[in-house]
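These notes are about the structure you will find just below.
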Amino acid sequence: MSETSTDAALRERAARVIPGGMYGHLNAAIFGEGYPQFFVRGEGCRQWDADGREYVDLMCSWGPIILGHRHPAVEAAAAAQQAAGDCLNGPGPIMVELAELLVDMIPSADWAMFSKNGTDATTQALMVARAATGRTKVLVAHGAYHGADPWCTPSLAGTTPSERADLIEYTYNDLASAEAAAASADGDVAAIIATPFKHDSFEDQELADPAFARGLRALCDRIGAALVIDDVRAGWRIDLRGTWEPLGVRPDLTAWSKAMANGYAIAAVTGVDALRGPAQMLYSTGSFWFSATAMAAAKATLETLREIDGPALMERAGTRLREGLAAQAAAHGFQINQTGPVQIPWLSFAGDSTLEMATHWSVACLAEGVYLHPWHNWFLSAAHTDADIDRALQGTDAAFAKLRARFG
């Protein structure tokens, strides 16, 4: 990044008024030299940074963009609602319409409640489970990410061990470890929370073993605990009914957010009828949780995804990308791993434990106009056409060539 660039100037200004200049997982300083921090525009599957450079966007704003930036149907619905009223003395009729749509789309949903981000939703889901069972303990996979509240962010500044004292860890895809964790709680398990596939940063992704998923369902049924699926990251890209629906596993509670409204801030918890009463007992609110604009955007997003079969379009784009990357890596002499669903891919290099090669390659991709990430999974959208994927592959191929020149 040039010291005279607009991005560099913005970073310098930010350092004076924002702690560290930037914070959280969007801090470009930790991605690798050359990553832009500030962006000014998005359209379809492209983004432009503050210095005017255009990228094929393979991160989709870290997941929220699922139909493409500024999708016409979503923007029209949001604009109409904004013009009528957004933050009012109570929710608009759109809240009822959106809840009805979720219940219609999701087989495990008999009701829905709303908030603003994924952390809200996972926290609410566990509150419902505890209210329903009168128990305290929650089983959570080791290393899993469920949000940014103290209960789900181990070893971070400003948190204490007591805030995670009611969590018991198990190993993802290891049913025996979940059974042992449940046994250790001595009848005090309120919920088991799981992501629909293992998507821990810095590690190859891991699809859920169907036997593991069904085993968690059976375990919850046996011990009287709620099965909570954190579908915040995967939701709407794999299956509009819920990511574990194709496995024949239906949760008691599901947390949704990210792609729900194509970039507008909203989250939801959906649940089964048996948990309606406990959910009604919660005190769970926020000043902007019932704002109508994001709800209108969400309704338009979900209706559009259903109309165009969005998951199938993203599967097509992801498959084309994965096959192209595999051919390029082989041609340039690199052994790679491509893991996770093709709609939510990640690429790693064999033997690259320090991520030196991944970082060098991703920075080279940036220089070729392709925005992806060295240690976090990527995201595809329904806006990624064959031509867009081919354009991205032109950039990744050039990046592989640069990587070969650097590492041999």
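The values are calculated or read from the model by the stated rules, or taken from the named source; none is laboratory data. This one's a predicted model, so the numbers in the text were calculated from it and none came from an experiment. Glycine also receives a Cβ, built like all others from the backbone with ideal geometry; neighbour counts cover every protein chain displayed.
Brief remarks follow.
- Any chance Ala265 is assigned to a helix (DSSP H, G or I), under 18 Å from the mean Cα position of the chain (by Cα) and in the same structural domain as Ala76 (by TED's automatic domain parsing): no
- Complete set of residues in segment 1-21 that are assigned to a loop (DSSP other than H, G, I, E, B) and modelled with pLDDT of 90 or more: Ser5, Ile18, Pro19, Gly20, Gly21
- Looking across segment 343-398 at every residue that is part of a helix (DSSP H, G or I) and charged (D, E, K, R), the one that is surrounded by the most Cβ atoms within 10 Å (Cβ to Cβ) is identified as Asp388.
- Verdict on Ala194 being in contact with a helix residue (DSSP H, G or I) (Cβ under 9 Å, 6 or more places away or on another chain), under 24 Å from His376 (Cα atoms) and either in the same structural domain as Gly351 (by TED's automatic domain parsing) or modelled with pLDDT of 95 or more (or both): yes
- For segment 219-256, filtered to residues that are aliphatic (A, V, I, L, M) and part of a loop (DSSP other than H, G, I, E, B), the residue that is surrounded by the fewest Cβ atoms within 10 Å (Cβ to Cβ) is Leu240.
- Filter result for Gly42 (more than 12 Å from Leu380 (Cα to Cα) and surrounded by fewer than 17 Cβ atoms within 10 Å (Cβ to Cβ)): no
- For segment 301-332, a residue qualifies if it is of a type in the set (Lys, Arg) and over 19 Å from Ser257 (Cα atoms), and the qualifying residues are Arg316, Arg320, Arg322.
- Condition check for Gly333: surrounded by fewer than 20 Cβ atoms within 10 Å (Cβ to Cβ) and either under 28 Å from Ala208 (Cβ atoms) or assigned by TED's automatic domain parsing to the domain that holds Ala80 (or both): no
- Restricting attention to segment 84-108, the residues being among the polar types (S, T, N, Q) and over 30 Å from Ile238 (Cα atoms) number 1.
- In the set (1) surrounded by fewer than 24 Cβ atoms within 10 Å (Cβ to Cβ); (2) assigned to a helix (DSSP H, G or I), the condition left unmet by Ala259 is number (1).
- Exclusive hit being surrounded by 15 or more Cβ atoms within 10 Å (Cβ to Cβ) and either on the phi < 0 side of the Ramachandran plot or touching a residue at least 40 places away in the same chain (Cβ under 8 Å) (or both), set Gly34, Gly85, Gly63: Gly63
- Selection status of Gly52, farther than 28 Å from Gln343 by Cα, out of contact with any helix residue (DSSP H, G or I) (no Cβ under 6 Å at 6 or more places or on another chain) and surrounded by fewer than 20 Cβ atoms within 10 Å (Cβ to Cβ): no
- Only listed residue being at pLDDT 95 or above, closer than 27 Å to Glu315 by Cβ and over 22 Å from the mean Cα position of the chain (by Cα), chosen from Gly224, Gly215: Gly215
- Looking across segment 332-342, not a single residue is out of contact with any helix residue (DSSP H, G or I) (no Cβ under 8 Å at 6 or more places or on another chain) and assigned to a helix (DSSP H, G or I).
- Summed over segment 155-183, residues that are touching a residue at least 12 places away in the same chain (Cβ under 8 Å) and either more than 17 Å from Arg130 (Cα to Cα) or hydroxyl-bearing (Ser, Thr, Tyr) (or both) total 10.
- Selected residue [outside the structural domain of Gln394 (by TED's automatic domain parsing), farther than 17 Å from Gly369 by Cα and out of contact with any Ser or Thr (no Cβ under 6 Å at 6 or more places or on another chain)] from Ala76, Ala14: Ala76
Here's the yes/no breakdown for (1) assigned to a loop (DSSP other than H, G, I, E, B); (2) free of Cβ contacts under 8 Å to residues at least 60 places away in the same chain:
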residue	(1), (2)
Val269	no, no
Tyr283	yes, yes
Met295	no, no
Glu307	no, yes
Ala312	no, yes
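- Cβ separations smaller than 9 Å between residues 6+ apart or across chains give the following pairs from segment 90-103 residues that are within 14 Å of Leu302 (Cα to Cα) to residues that are among the basic types (Lys, Arg) and surrounded by 19 or more Cβ atoms within 10 Å (Cβ to Cβ): Ile94/Lys299; Glu97/Lys299; Leu98/Lys299; Leu101/Lys299.
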